[in-house]
Each structure stands twice: as structure tokens, then as C-alpha cells.
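The values are calculated or read from the model by the stated rules, or taken from the named source; none is laboratory data. Predicted, not measured: the structure shown is a model, and the values here were computed from it. Reconstructed Cβ throughout: ideal geometry from the backbone, glycine too, with neighbour counts over all protein chains shown.
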Amino acid sequence: MFVVFFLPAIIFATYILYRIITRNKQLSAQAALVNTFLEIIRPKYYLKHVFANPPRTNSMLKPSTKFSNRYHTTYNSIDGTECITAKLRIMETNIHIIYLHGGAYVLGKNGMKSNESFISRLIEGTGAKVTFVDYPVAPETRFQETLTRVYNVYQYLGEEYPDDVFMLVGDSAGGGLALSLAQMIREKPSVKPPRKLVLFSPWLDLSMGNPGIDLQEKKDMILSKRVLLYAAEQYADPSEFKNPLVSPIYGDLKCLGEVLVFFGSLELFYADGLRMQRMTQDRPEFNYRFYMEMPHDWVLFPIPEASLALQEAYNFILDQLNE
């Protein structure tokens, strides 16, 4: 009985230890452990259920008590789109980050608690104000309304904080949304554009038509092309997938400010990252960081490689103070 009960646990622990010992030596032990768990659990196989039944809340957006005690927070609702602006109780910079969360455009409207850790890191690492936008998601809304609502929030914040230097930060779908938003803002001469964009594992092309994605899918432990296409169809009609306001890689990428983009080599979107790098190779305002052996959105994991990427982002954001 003892052997039957403990043998699977022993085998599992031995496998994990083996993977950590034999890992790429440039990879931290924590990252090797995360990758091993992802390989075993394969979250990609559960995504369809999550995307088809996304959690929602009708409660007013508000931070946790712990977050509120740590930072000064301000609530706003702009045409029904809620947002929370958080800052250190002693302001150190006039940088204002607008953060757009990920979730394949279908996860959201479920409070901000799951995003508070990342928001805290942005605040602590830069001293900036950070506004979390709880933008509307599919299938309740389509891309036109989502983008218009986010633009309205951006316009409101620009008027409310006229002396702030605005920057857009987004991860996954939020990264794609940030790049589409920047293109939209560029066409509005009366609106102050963002100075910089930081995009972590952005979803650049909802059509998923890049042949390199099929090769990457074997490596990606989190994302599935089939399920992402399912989410994309909730957000936009397939005939709209190459609209730059849906898939920003098809837009004009000029005059968007400085852009820093991160991709991991184990994610589906890595293929489109390489593609956009080729497209912008003559534009020095675009900067790319490709992290080897990193999964999708690794900056959200508690691993040294996440801290390293975030430090690069902080340096990029704060560099404007010396201009």
C-alpha cells in the first residue's frame, strides 16, 4: 500500500529534479520548474472551457484592501468603462502608465485583483502612476466598441492629467490592443500621443496566418491556435482580422513613439514577433527582446527571467527623464 500510494509522487518528484538538473544552464532553476509544470499540466487543453465560460462580476471595480492601503487609488468610470489609477503616496515622477491586461479579448470584467501584483511591480519599478483599464471584452462587445472605450479613457486621462507623460503597457491581447490604440491616437492630432509603448508577448495578428505559428504550437504549453481563433471570432468577424484595429501588425507602424517588445521563444506569438522585427528593421524606435526558453507572458511568473525583463522595461520607461 505504501509503495502504491507514494510511487507516483516519487516518480513525479524525480522527473522534476531531473529536468531542473539537465536544464539549459542559462535558464534559472525556477524557470525550469515552471516550464516542467507547464509541460505536465498543459494549460492549453483547458483554454476552450475557460474562454467559453469566462468569469464575470457585476460589482464596481475596486482594488483589494491590501492594495488600497499600499497605494493612493482613484476610481473613474468613463462612459461606463471603469478604471483605477494607482500611485505611490509620495509621487516621484510625472510618468503615467496605462496598463491593458491580457486574456484573448474574452477574459476581463472580473475585477483587478489578479492584476494587482503586476501593477504593483510597475509602480514600484518606475514610480509612475498606473491606470488599470477594465475594458469591455467579447462576446459582450466587439472590437469597435472595445477600442473606442479604451480611446475615450485615454482621452479623459490626458485631460485630467495634462502634465503627465503617457505610456502604454500591455501583455498578450492587451499588448495588441495597446499597439492598435497607438495607431488610432496617431490619427487624432488634438490628442497627446503616448511617449512609449511596452508590449509583453503581444497578440499582433488575430488571423494566426503566419506559417511559423504552426511550428511554434508544438512548443507552446499555454496557448492553442485553435482556441485563440475561437476567441478571435468572439471579438471580430474573420473578415476583419486584417483590420489594423484588430491585428495591429497590418497597420502603419510609423510615428508611434518608442516601442519595446518582448517575446519568449516557447510561445506561439514568437513567430509574429520575428515577423514584426523584420518589418521594422529600419526603424530604430522599435526595440525587441527575445527570451530563450520562456513561455507566453513569462513576465507574470515569479521567476528571475521575469524580473530581468521587467528591469529592462523599467529602464526603458525611465530613460525619458534624461531626454
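Taking region 210-247 as the range and being in a helix (DSSP H, G or I), more than 11 Å from Lys44 (Cβ to Cβ) and acidic (Asp, Glu) as the test, the residues that pass are Asp214, Glu233, Glu240. Residue count for region 250-260 under the criterion of being acidic (Asp, Glu) and either surrounded by 15 or more Cβ atoms within 10 Å (Cβ to Cβ) or under 21 Å from Ala309 (Cβ atoms) (or both): the result is 1.
Take the conditions of a type outside the set (Val, Ile, Thr) and at pLDDT below 95 and apply them to Ser120. Does it pass? No. Being crowded, with 20+ Cβ neighbours inside 10 Å, among the hydroxyl-bearing types (Ser, Thr, Tyr), at pLDDT 95 or above and over 16 Å from Leu27 (Cβ atoms) holds for only one residue in Ser239, Ser247, and it is Ser247. Residues in region 179-189: is at least one more than 25 Å from Val106 (Cα to Cα), touching a residue at least 12 places away in the same chain (Cβ under 8 Å) and either outside the structural domain of Glu82 (by TED's automatic domain parsing) or assigned to a helix (DSSP H, G or I) (or both)? Yes; the residues of region 179-189 include at least one that is more than 25 Å from Val106 (Cα to Cα), touching a residue at least 12 places away in the same chain (Cβ under 8 Å) and either outside the structural domain of Glu82 (by TED's automatic domain parsing) or assigned to a helix (DSSP H, G or I) (or both). Across region 278-297, the qualifying residues are those that are charged (D, E, K, R) and assigned to a loop (DSSP other than H, G, I, E, B), and the one among them that is nearest to Asn35 (Cα to Cα) is Glu293. Evaluating Val198 against the criteria (1) in a helix (DSSP H, G or I); (2) touching a strand residue (DSSP E or B) at 6+ places or on another chain (Cβ under 6 Å) leaves one unmet condition, (1). Here Glu140 fits the description: in the same structural domain as Phe200 (by TED's automatic domain parsing), over 22 Å from Val169 (Cβ atoms) and out of contact with any Leu (no Cβ under 9 Å at 6 or more places or on another chain). Where helices (runs of 4 or more DSSP H) sit wholly within region 1-116, those with at least 1 residues that are at pLDDT 90 or above occupy 29-41, 47-52, 65-70. Assess whether Val106 counts as being aliphatic (A, V, I, L, M), under 30 Å from Ser265 (Cβ atoms) and not assigned by TED's automatic domain parsing to the domain that holds Tyr135. For Val106, the condition - aliphatic (A, V, I, L, M), under 30 Å from Ser265 (Cβ atoms) and not assigned by TED's automatic domain parsing to the domain that holds Tyr135 - is not met. The selection criterion, being crowded, with 17+ Cβ neighbours inside 10 Å, touching a Gly at 6+ places or on another chain (Cβ under 9 Å), within 22 Å of Glu116 (Cβ to Cβ) and in the same structural domain as Thr57 (by TED's automatic domain parsing), holds for Ala173. Hey, any hits in region 261-277 for a residue that's free of Cβ contacts under 8 Å to residues at least 40 places away in the same chain, surrounded by 15 or more Cβ atoms within 10 Å (Cβ to Cβ) and assigned to a loop (DSSP other than H, G, I, E, B)? No, that holds for no residue.
Contact map, region 231-254: residues that are closer than 12 Å to Gly176 by Cα paired with residues that are of a type in the set (Asp, Glu), Cβ distance under 7 Å, separation 6+ or inter-chain. Pairs shown: Val246/Glu240; Ser247/Asp205; Ile249/Asp205; Ile249/Asp272. Filtered by the rule that a residue be under 16 Å from the mean Cα position of the chain (by Cα) and closer than 15 Å to Ile213 by Cα, region 267-295 gives Glu267, Leu268, Phe269, Tyr270, Asp272, Gly273, Pro295.
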